[in-house]
């Protein structure tokens, strides 16, 4: 085989392998990872990578409008958001002035889960895990509702939220450890408990991540990659 | 002459190697004498809990920070063993904890007593020092209603670095344990950075973080979500996502009115370094996710900022 032929074969092989890899990823169940300019990217790169490694077709979105996150939530197997938050909502875009909230409200800047997915109990049935990381996402607001209650109501298998204020880098390190364990095949509870131990051991604090709350099935696993229970 | 020189160098090198081997050997012998076997350690923790759930088996290795720990498990717990000391540094409950047959609901003080007894059995000298206990009761936290942190301090009130975290269910079952060993010698060091100076540094860093937030928000304004343009679903009140760049009110944090803040300071050893841990909380901001908090760790000897972050 002459040199130019060998070169062509090499190029074709690389293209084929790259294409096949891309196809393999694209074939996986959907996952989305959201982050914002503030509080920053955290460990979203690692979380996204672990999801890809698990076989999810995971995409990392920067500065997404709440309408986008809400729209994809319905077709996601895994949803992960790292953003500022307050009870019943995560603050996104427009410097946190737009909200992805749980319950319908009279807020012009709120895109609620209820408004899009109401009237059935199965519109979020594809969701295996919705991970709402921000301050006090586990708390209920009389105006904006309760994120994990709303997700469970519409069929999500498992949600993770947090009671207290969240201090990075401790809490984002916690997420990285948790998703690493999920990738290894641990249950959600096992992954979070191990992540807690590791974060305490590494930093002497979990920065508020120890106040996580699991709603739904705490024995949920992300591997093998797949959608939630129908 | 040259030969003698080479001979001398070779002899010196041999002597050095011999001495180091001897030193390492002695160290290993000393460690081997003090070091419990893994089985002894596992028995010790199970005795401390006064309950045994099935046989202990080896599970594998787990990386925690820089160390790869051995993991053992029984029917309820996973145990983390330090491979160098054979000591148990952690214990978790991967599944739902069992409810004891004679289950009685306990209160916070009883949970603290339970954790105290457990620590006493595992770390005989832990309470030879003063210990700060931070206990939290959260009935909504299913299967771990009581969360506690035990912070060991020396006679000067400086954290030795030995800390223990324990979680207990409302039925009195210990479900989580992690211990970090400190260094009492480092805790004796006199900090070169005073508390006041450390708080000043923390405020300076908090102001820097505010500037970074302003800059980040300005950058974010330029990013238009192209997907939102296509999805175009209205908000709860019928407003459609805008496709224009939207200017928002400049971020402001009231770091000047210090009397309104909740500032906590802690001088402690961590990772063999004397550190100031400063938290500035309850800072008013013009965003709905406030009031916000700032967390800054400073080397108490050099004044170097080690870690910083904000809510």
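The values are calculated or read from the model by the stated rules, or taken from the named source; none is laboratory data. The shown structure was predicted, so the numbers you read here are calculated from the model rather than taken from an experiment. Virtual Cβ from ideal backbone geometry, glycine too; neighbours counted across all protein chains shown.
Does residue B:131 fit the bill of being within 26 Å of residue A:136 (Cα to Cα) and in a strand (DSSP E or B)?
On the way: within 26 Å of residue A:136 (Cα to Cα): no; in a strand (DSSP E or B): yes.
No.
Does the stretch B:279-309 hold any residues that are within 12 Å of chain A (Cβ to nearest Cβ) and under 30 Å from residue B:190 (Cβ atoms), and which are they? If you could, list the steps in order and put the result at the bottom.
From the stretch B:279-309, those within 12 Å of chain A (Cβ to nearest Cβ) are B:279-283, B:285-297, B:306-309; that's our starting set.
Result: B:279, B:280, B:281, B:293, B:294, B:295, B:296, B:297, B:306, B:307, B:308, B:309.
Considering only residues that are at pLDDT 95 or above and buried (at least 16 other Cβ atoms within 10 Å of the Cβ), which ones fall in the stretch B:127-144?
Scanning the stretch B:127-144 gives B:129, B:131, B:135, B:136.
Please tell me if residue A:95 is assigned to a loop (DSSP other than H, G, I, E, B), within 11 Å of chain B (Cβ to nearest Cβ), over 13 Å from the mean Cα position of the chain (by Cα) and within 26 Å of residue B:292 (Cβ to Cβ).
Details: assigned to a loop (DSSP other than H, G, I, E, B): no; within 11 Å of chain B (Cβ to nearest Cβ): yes; over 13 Å from the mean Cα position of the chain (by Cα): yes; within 26 Å of residue B:292 (Cβ to Cβ): yes.
No, not satisfied.
Residue under question is residue A:111, and the condition is that it be assigned to a strand (DSSP E or B), at the interface with chain B (Cβ under 8 Å from one of its Cβ atoms), touching a strand residue (DSSP E or B) at 6+ places or on another chain (Cβ under 8 Å) and modelled with pLDDT of 95 or more; does it hold? Break it down into steps so the answer makes sense when it comes.
Working: assigned to a strand (DSSP E or B): yes; at the interface with chain B (Cβ under 8 Å from one of its Cβ atoms): yes; touching a strand residue (DSSP E or B) at 6+ places or on another chain (Cβ under 8 Å): yes; modelled with pLDDT of 95 or more: yes.
Yes.
Restricting to the stretch A:92-103, what's the tally of residues that are buried (at least 24 other Cβ atoms within 10 Å of the Cβ) and over 20 Å from residue B:244 (Cβ atoms)? Spell out how you get there, then give the answer.
Taking the stretch A:92-103 and keeping what is buried (at least 24 other Cβ atoms within 10 Å of the Cβ), we get A:92-93, A:95-96, A:98-102.
Filter again for over 20 Å from residue B:244 (Cβ atoms), leaving A:100-102.
Selection size over the stretch A:92-103: 3.
Could you check how many residues of the stretch B:258-307 are touching a residue at least 60 places away in the same chain (Cβ under 8 Å) and within 17 Å of residue A:84 (Cα to Cα)?
Within the stretch B:258-307, residues that are touching a residue at least 60 places away in the same chain (Cβ under 8 Å) and within 17 Å of residue A:84 (Cα to Cα) number 2.
Tell me which residues, restricted to the stretch A:205-222, are under 15 Å from the mean Cα position of the chain (by Cα) and part of a loop (DSSP other than H, G, I, E, B).
A:220, A:222
Where residues in the stretch A:183-204 are surrounded by fewer than 22 Cβ atoms within 10 Å (Cβ to Cβ) and more than 19 Å from the chain's Cα centre (by Cα), which of them is farthest from the other protein chains (Cβ to nearest Cβ)?
Applying the filter and picking the extreme gives A:203.
Any residue in the stretch B:179-189 that is touching a residue at least 40 places away in the same chain (Cβ under 8 Å) and part of a strand (DSSP E or B)?
Looking for residues that are touching a residue at least 40 places away in the same chain (Cβ under 8 Å) and part of a strand (DSSP E or B), one finds at least one in the stretch B:179-189, hence yes.
Of the conditions (1) at pLDDT below 95; (2) facing chain B (nearest Cβ under 9 Å), residue A:36 fails just one. Which one is it?
(1)
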